[in-house]
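The values are calculated or read from the model by the stated rules, or taken from the named source; none is laboratory data. A quick note: this is a predicted structure, and the numbers were derived from the prediction, not measured. Note that each Cβ is placed from the backbone with ideal geometry, even for glycine, and that neighbours are counted across all protein chains shown.
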Amino acid sequence: MRRGFSWRALARGAAGVAAVLAIWEGFARSGMFSTAMTPPVESIASIMWQMIADGSLPLNALATLIRVFIGLAICFVIAVPLGVLMARSWVAERIFLPVLSVLLPIPSLAWVPLFILWFGIGDFVTILVVVYAAFFPLVYSVWTGVRAVNPIWLRSAIVMGADETTLFRKVIWPAALPYIITGLRLSFGRAWIGVIGGELLASPKFGLGEIIFNAKEFLDAGVMLATLVGIGAIGIVFERFVFQMLENATVRRWGMVAGAQS
Amino acid sequence: MRRVIGIALPLMTFTVIAAAWQLLATYGGFPPKLVPGLGTIAETFLRLASNGVLAAAAVATLYRLGVGFLLAAVIGVLVGIAMGRRQWVEDTLLPIVTFLYPIPGLAYAPLFVLWFGLGDIPTMLLVGVSSCFTVIINTWKGVKAVKPIWLRSAEVMGAGNRDMFRRVVLPAALPYILVGLRLGLAQAWRILIAVEMLMSVQRGLGWMIFGAQTFLNTDVMLSTIALIGMIGILLERQVFARIERVTVVRWGMVAA
């Protein structure tokens, strides 16, 4: 997909962004709505700068990200062994797969009111939502990845005298890793949606969702838009850089996926 | 033997889970309002199903889903095709789409309430906006992935712009577009349930869960969640599997 860098594409992209900002600016200044509801660009920028300077945006972003990472870590610890087990053992697959298929189509946020009744509002419920949201893409990816390991590799490794541990560490794990990283990527996307929803509904102390929700009470569209920009920026950073780096450092280096041409 | 075990094992799992739940409800010492027994849940489900409450909520939710998703599908496919076919559209829109794509739709919800108020229309608008980016990106990738040799052959054989689009580009990109629509629908569905909790709409499945929380009606919540799961499965399995079967699978573009 990636083409060479082109000044023309950059200029057009900049023109597109400028056009959106200009339309917004015209709309905001037209006086159709009060500036509290549609603040002009420079006031969004100055609010954003203020929120960065007084540390509220970074700190709340950190709180949100910590929830995402705790959730993803719990998810990883449960989903990876479960996925491997399901792929390696037919009995385990028959036991767990039906349960997963029943839970999979239920959106994580549908559980929030129930979780709030059971566990109260706050961090616990928000992290639980993240775990629920992130769990299914990961477990299905691990399951698929381990099943997709070339059987010849397994047989050759066994013939060459690999025991269960070596087989897993040297063959199954590296072979399944592209799938697992894809799963993590999907999981992060789901977790990111889940955490914002959880913060809106389960009202923990800090967090980006919490800022947006509070800003609504004060009709403060500037704060909401500034936070949205922050949410988008963090999303891109993770999608583009963090997972790309993870991929480069592992599967691409081992030559498991075609890196150079893609 | 293997087949018998294959059926017995899932049954066993569900029995164990059901038994554990029943034990927790009966002997766990939790208030029955919060952890109702299986009998109560089943009874509530049947009651709500037979007196039409669940059906009315489901219809309201599905109507919102339909309108919102239609919006996303139309905008998404049109923008995606324009981006795939014209380089300058791609260059102009790609940064904006890339930036907006990872923002969870739900994060816009309070802003939409501020701008458009509560109720149906903002809900549908939000569902449409938040699920259209998935459709845009997949459609764009699909149009980009059309084999250049097909385009050149069609050109050589004298296909005009219209024929080229209708006979070559659209069918070739369709598998991707359908994947985008399928993912978009799933996303719209998940977002909608949550948005209904925030937008205080008139009726709806998400609203029902949220409303039941106020009265500690755990049995109502669980019944609604069960229905949400069933509708989710139907949307995923029936709607798109069928569309795929009559188009791309029949044309031999993807394996069934």
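Could you please find all residues in the stretch B:215-233 being at the interface with chain A (Cβ under 9 Å from one of its Cβ atoms) and of a type outside the set (Gly, Ala, Ser)? Even if it seems obvious, please write down each step before you answer.
Of the residues in the stretch B:215-233, the ones at the interface with chain A (Cβ under 9 Å from one of its Cβ atoms) are B:216, B:218, B:221-222, B:224-226, B:228-233.
Selection gives B:Leu216, B:Thr218, B:Met221, B:Leu222, B:Thr224, B:Ile225, B:Ile228, B:Met230, B:Ile231, B:Ile233.
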Query - Residues being surrounded by fewer than 20 Cβ atoms within 10 Å (Cβ to Cβ) and either modelled with pLDDT of 90 or more or part of a helix (DSSP H, G or I) (or both) - total across the stretch B:132-156 - result: 11
Report task. Test B:Thr13 against the stated conditions and say whether it is polar (S, T, N, Q), over 24 Å from the mean Cα position of the chain (by Cα), surrounded by 14 or more Cβ atoms within 10 Å (Cβ to Cβ) and over 23 Å from B:Leu126 (Cβ atoms). Result -> yes
Query raised in the report: Given the stretch B:25-121, what helices (runs of 4 or more DSSP H) lie entirely inside it while holding 3 or more residues that are touching a helix residue (DSSP H, G or I) at 6+ places or on another chain (Cβ under 7 Å) and under 30 Å from B:Pro148 (Cβ atoms)?
Result: B:53-85, B:87-100
Query raised in the report: at pLDDT 80 or above, more than 14 Å from A:Leu65 (Cβ to Cβ), at the interface with another protein chain (Cβ under 9 Å from one of its Cβ atoms) and crowded, with 21+ Cβ neighbours inside 10 Å - does that describe any residue in the stretch A:180-187?
Result: no
Report task. Only residues that are closer than 17 Å to A:Trp118 by Cβ and charged (D, E, K, R): list them for the stretch B:26-46, please. Result -> B:Lys33
Requested in this report: Hey, could you check the stretch B:180-214 for residues that are at the interface with chain A (Cβ under 10 Å from one of its Cβ atoms) and aromatic (Phe, Trp, Tyr) and say which is farthest from B:Thr40 (Cα to Cα)?
Outcome: B:Trp189
Report summary line: Of those in the stretch B:65-120 that are among the polar types (S, T, N, Q) and more than 17 Å from B:Ala173 (Cβ to Cβ), the residue farthest from the other protein chains (Cβ to nearest Cβ) is B:Thr98
Query - Where B:Leu170 falls short, out of the listed (1) within 14 Å of chain A (Cβ to nearest Cβ); (2) within 30 Å of B:Leu62 (Cα to Cα); (3) aliphatic (A, V, I, L, M) - result: (1)
